[in-house]
Amino acid sequence: MSAQPIVNPNHTFPQGKFPRICDYAVIGDCRSAALVSKDGSIDWLCWPRFDSPSIFAALLDRERGGLWKISPISKYSIKRHYLPDTNILQTEFTTESGTAVLTDLMPVRENGSLVPDHEIIRQIECTSGELEIEVLLSPRGNYGDATPKLEQRGRLGLRFCHGRGVYWLRGSESLGVNEHSAILRHQLKSGESLLFSLSYTENAPAILPDISQIRHRMSVCADWWRQWVGAMRYEGEFRDEVVRSALTLKLLTYVLSGAVVAAPTTSLPERIGGSLNWDYRYCWLRDASLTIRAMLELGYLDEAAQFLDWMLHATRLTQPQLRILYTVFGNSAPKEWESKTLRGYENSAPVRIGNAARDQLQLDVYGEVIDAASQYVFHGGNLDHEMQKVLVGFGNYVVKHWDEPDEGLWEPRNGRQNHTHSRLMCWTALDRLVSLAEQGKLKRVKVEEYKRNRDAIQQQICTRAWNENLKSYVSVLDGEDLDASLLLLSWYGFEKPDSPRMQATYEAIRRQLGTRDGLLYRYHVNPPEGTFAICSFWEAEYLALGAGKSDECRKLMKSLFKYQNDIGLYGEEIDAQTGDALGNFPQAFTHIGLIGAALSLDQRVKGEQQLGHRPESAMDEEHQSKVA
Amino acid sequence: MNWSSWILSGFVATVVLSAALATSQGLGFTRMNLPYLIGAVLTHDRDRARLYGFMAHVINGWAFSIIYVLIFETTRNASWWFGLVIGLVHALFVLTIGTMLLPTLHPRMATERHGPTAKRQLEPPGFMALNYGYQTPISVFLSHAAFGAILAALYKLH
């Protein structure tokens, strides 16, 4: 093997177009995540947590963001995949002269062993012929603001300091250092490989991994993921898609608290060139019920218990009021600010850090948290005294505030309204608390008061959220617009999916918000944004719950699988014209929707009970007669 | 020598030293973690290393305070400023001779000369422990000065 360290490279950054959002893959270690492009470039990495400042952010600015790229110098084509049942990515580069496979992973921390706290391992191996590889490391700290100075430290490796920590790059070959970037060009022949480890340490002396052990550690990491997947209970017809979604969900679950972040990125645009760019590296309570249901029914009881525990205890500082989003440790998300350095994906400015939605009022989150607890109990979990107290506190808050306007599920920044979805979730909150009390799982519940308020909400939804002219439920009370969250009226047990009102609502939603390709917009907005991926999975699940035939659900799901990227990942939105992903990527919520729809379809096929909200479901005869 | 006074003052000074080092580490001034470094001599399990190291560090600090006390008794001076000066000398020793010898003595520490191996993977401290952060010397000087000053202030000469 021959190495050619280049001290003054002509170029330090690959110029040209941004990769498509769907061209990215994600790797992670349940603490943070990195996005890897099809060119073998790590364009996004925040250490030590998902919401820490970035060290690579070429995702949002090709020149100023920073990256770590490993790829052949000559023209290549690529194929890529995850190693089966893992989050270990393999990208195969094929050039005229040879083929090389790049393996990328973030090792999941091996308990107790002497390994780095945070690490990315990369191996590129020539599998046939020979080819020249370029390795380019160009870190930029704090969202592109800082340019760390790289120091070559002999046999220890290359290091740079930024913020509170130190980064070490160790490799089987040394990189030539050009103060703020490092580069290596290296000829690989068949059977030869290059190995690298980039690690970050904040609170202790760094661990400098021995390169000769890296292959063994890659295999340990693969075993860890496979063992996790092995515990999954789902054996339905969409296993591959469900496994990839579950793996993505696990990757986005912060292991030290159990919180699930919505996505590992910030400011990937919902409209290219537009300003709908938000920071999603936090935990939204509005996803709680769907998330915990996915975890429980896939068989991950520990993850579900940890997530519930996080919701009820980490959010203690604001109880009984709940904020709509939190950091992974339950603190309020940081104030929103705009980066002056990063110019945004495809110049979609601004790049926002933090999230102003933290100050919004969303009454739906109470129903989400309480329904999550209810599902946990349904699957055999117990609520301890402290949890019961917290849940009753939420119930009392809902009794006092359910009739107030709020910002609602979609977090528009144009004021508060009386959202049907928020009322639905307040109804859900009180309904589940009554149910838990009647099962003897919850004490000190003012059952009669809760029932009275629940019925009042129900009455309000049935009268003021129903538009007789449109023959549909509508987004806001006494309104005329639709949004796709109305499909959830059945998910939460408010109304049967095959009731005339739900059928009419579904038809109206499809007519007004649907596309010819089976996708759904979440609501009408001008200029239009992308279609909302989870809404399509809500539709599929609505069909699986009884609104349609199993085959209709199956057909819709298969058509939605066409919009996942080549390795099974979804963003938040799908461009109706091109089918490309839009918004932050990958999106936990979309994958949770996929899992939910697959679970409901599987349960329907097997004739099992769907959605174990409560034994005496709200969809009973008494309720139906009230709705009628 | 006043044994009962040494036991009390040595313990208090060691606790303050440990707390000061842990605080400066927690605030991001340094990555130097003496309990972890000491514990890693005994085990490769990092969680146990922290626990063992903390216990070893407390015992070590306590024992080391005997040297301070012997100096106080010999010079018949146990004023806080004298303790502080001894603490600064102690810190200087740790940062220069100690950090120089550590990679050789520590079974799990990599050396700049040979690089990391399967067994030796801990980052070496470098001169004045600057590898663990540029503010490490300040943190070590301040915490050891506090150690000496508190020990002297609490110790009653025999």
Here is a list of conditions, (1) within 24 Å of B:L122 (Cβ to Cβ); (2) within 32 Å of the chain's Cα centre (by Cα), and A:Q152 meets all of them except one; can you say which number that is?
-> (2)
Which pairs do you get when a residue that is small (G, A, S), found in the range B:97-120, comes within reach of a residue that is surrounded by fewer than 18 Cβ atoms within 10 Å (Cβ to Cβ), reach meaning Cβ atoms under 7 angstrom, with the pair 6+ apart or on two chains?
-> B:G115/A:R155; B:A118/A:S212; B:A118/A:Q213
Can you name the condition, by its number, that A:H180 falls short on among (1) assigned to a loop (DSSP other than H, G, I, E, B); (2) within 11 Å of chain B (Cβ to nearest Cβ)?
-> (2)
Only one of (1) within 13 Å of chain B (Cβ to nearest Cβ); (2) touching a helix residue (DSSP H, G or I) at 6+ places or on another chain (Cβ under 7 Å); (3) of a type outside the set (A, V, I, L, M) is not met by A:P148, so which one is it?
-> (1)
(1) within 14 Å of chain B (Cβ to nearest Cβ); (2) in contact (Cβ under 8 Å) with a residue 60 or more places away in the chain: which one isn't true of A:I211, the others all being true?
-> (2)
Could you tell me whether B:H44 is within 12 Å of chain A (Cβ to nearest Cβ) and surrounded by 15 or more Cβ atoms within 10 Å (Cβ to Cβ)?
-> yes
Of the conditions (1) closer than 22 Å to B:T136 by Cβ; (2) at pLDDT below 95; (3) out of contact with any Asp or Glu (no Cβ under 7 Å at 6 or more places or on another chain); (4) within 11 Å of chain B (Cβ to nearest Cβ), A:W168 clears all except one; give me its number.
-> (2)
Yes/no for A:A305 being within 14 Å of the chain's Cα centre (by Cα) and either under 21 Å from A:A544 (Cα atoms) or touching a residue at least 12 places away in the same chain (Cβ under 8 Å) (or both) | no
Given the structure, is A:L312 part of a helix (DSSP H, G or I), over 19 Å from the mean Cα position of the chain (by Cα) and buried (at least 18 other Cβ atoms within 10 Å of the Cβ)?
-> yes
Give the number of residues within the range B:110-145 that are part of a loop (DSSP other than H, G, I, E, B) and within 10 Å of chain A (Cβ to nearest Cβ).
-> 16
With (1) closer than 30 Å to A:L60 by Cβ; (2) buried (at least 22 other Cβ atoms within 10 Å of the Cβ) as the list, and A:I272 as the residue in question, which single condition is left unmet?
-> (2)
Within the range A:522-542, restricting to residues that are over 19 Å from the mean Cα position of the chain (by Cα) and either aromatic (F, W, Y) or not in a helix (DSSP H, G or I) (or both), the one that is modelled with the highest pLDDT is A:Y542
If we keep just the residues of the range A:268-301 that are in a loop (DSSP other than H, G, I, E, B) and among the basic types (K, R), which is modelled with the lowest pLDDT?
-> A:R271
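Residues to consider are A:T103, A:T95; find the one that is out of contact with any Ser or Thr (no Cβ under 7 Å at 6 or more places or on another chain) and at negative phi. Write out each step before concluding.
Working: A:T95 fails: out of contact with any Ser or Thr (no Cβ under 7 Å at 6 or more places or on another chain).
From the options A:T103, A:T95, the qualifying one is A:T103.
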Evaluate the range A:248-267: report whether one residue or more is under 11 Å from the mean Cα position of the chain (by Cα) and assigned to a strand (DSSP E or B).
-> yes
The range A:420-471, residues that are assigned to a helix (DSSP H, G or I), basic (K, R) and over 24 Å from A:H385 (Cβ atoms) | A:R423, A:R452, A:R454, A:R464
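Would it be correct to say that A:R159 is surrounded by 22 or more Cβ atoms within 10 Å (Cβ to Cβ), within 14 Å of chain B (Cβ to nearest Cβ) and among the basic types (K, R)?
Details: surrounded by 22 or more Cβ atoms within 10 Å (Cβ to Cβ): no; within 14 Å of chain B (Cβ to nearest Cβ): yes; among the basic types (K, R): yes.
Answer is no for this residue.
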From the list A:A465, A:A504, A:A484, which one is at pLDDT 95 or above and within 30 Å of A:P269 (Cα to Cα)?
-> A:A484
Of the residues in the range A:133-152, those that are crowded, with 17+ Cβ neighbours inside 10 Å and more than 29 Å from A:V351 (Cα to Cα) come to A:I133, A:E134
Within the bounds of the range B:56-74, is there any residue that is crowded, with 16+ Cβ neighbours inside 10 Å, of a type in the set (D, E) and more than 30 Å from A:D210 (Cα to Cα)?
-> yes
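For the condition modelled with pLDDT of 90 or more and within 14 Å of chain A (Cβ to nearest Cβ), what is the one hit in B:G10, B:G53, B:G28, B:G87? First the steps, then the outcome.
Working: B:G10 fails: within 14 Å of chain A (Cβ to nearest Cβ); B:G28 fails: modelled with pLDDT of 90 or more; B:G87 fails: within 14 Å of chain A (Cβ to nearest Cβ).
Exactly one of B:G10, B:G53, B:G28, B:G87 is modelled with pLDDT of 90 or more and within 14 Å of chain A (Cβ to nearest Cβ), namely B:G53.
Which of the residues that make up the range A:315-344 are within 26 Å of A:V377 (Cα to Cα) and either assigned to a loop (DSSP other than H, G, I, E, B) or of a type in the set (D, E) (or both)? Please lay out each step first, then the result.
Looking only at the range A:315-344, we keep the residues that are within 26 Å of A:V377 (Cα to Cα), and these are A:315-330.
Across the range A:315-344, the qualifying residues are A:Q319, A:P320, A:Q321, A:L322, A:R323, A:I324, A:T327, A:V328, A:F329, A:G330.
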Counting only residues that are buried (at least 22 other Cβ atoms within 10 Å of the Cβ) and within 36 Å of the chain's Cα centre (by Cα), the range A:185-203 contains a total of 7
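Within the range A:36-72, can you find the residues that are among the aromatic types (F, W, Y) and part of a strand (DSSP E or B)?
At the first step, the residues of the range A:36-72 found to be among the aromatic types (F, W, Y) are A:44, A:47, A:50, A:56, A:68.
The answer is A:W44, A:F56, A:W68.
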Which of (1) within 18 Å of A:I567 (Cβ to Cβ); (2) modelled with pLDDT under 95 is the odd one out, the single condition A:E63 does not satisfy?
-> (1)
Return the pairs, sorted by first residue and then second, in which the second residue is buried (at least 17 other Cβ atoms within 10 Å of the Cβ) and acidic (D, E), the first residue lies in the range B:33-51 and is within 13 Å of B:E123 (Cα to Cα), the beta carbons are less than 9 Å apart, and the residues are 6+ apart or on different chains.
-> none
Filter result (farther than 13 Å from A:Y300 by Cβ and either crowded, with 16+ Cβ neighbours inside 10 Å or without any contact (Cβ under 8 Å) to a residue 40 or more places away in the chain (or both)) within the range A:237-254 = A:F238, A:R239, A:E241, A:R244, A:T248, A:L251, A:L252, A:Y254
Scanning the range A:192-223 for residues that are more than 22 Å from A:I133 (Cα to Cα), part of a helix (DSSP H, G or I) and of a type outside the set (K, R) gives A:Q213, A:H216, A:S219, A:V220, A:C221, A:A222, A:D223
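The values are calculated or read from the model by the stated rules, or taken from the named source; none is laboratory data. Every value quoted in this text rests on a predicted model; they were computed, and no experiment measured them. Neighbour counts run over all protein chains shown; Cβ positions are idealised from the backbone, glycine included.
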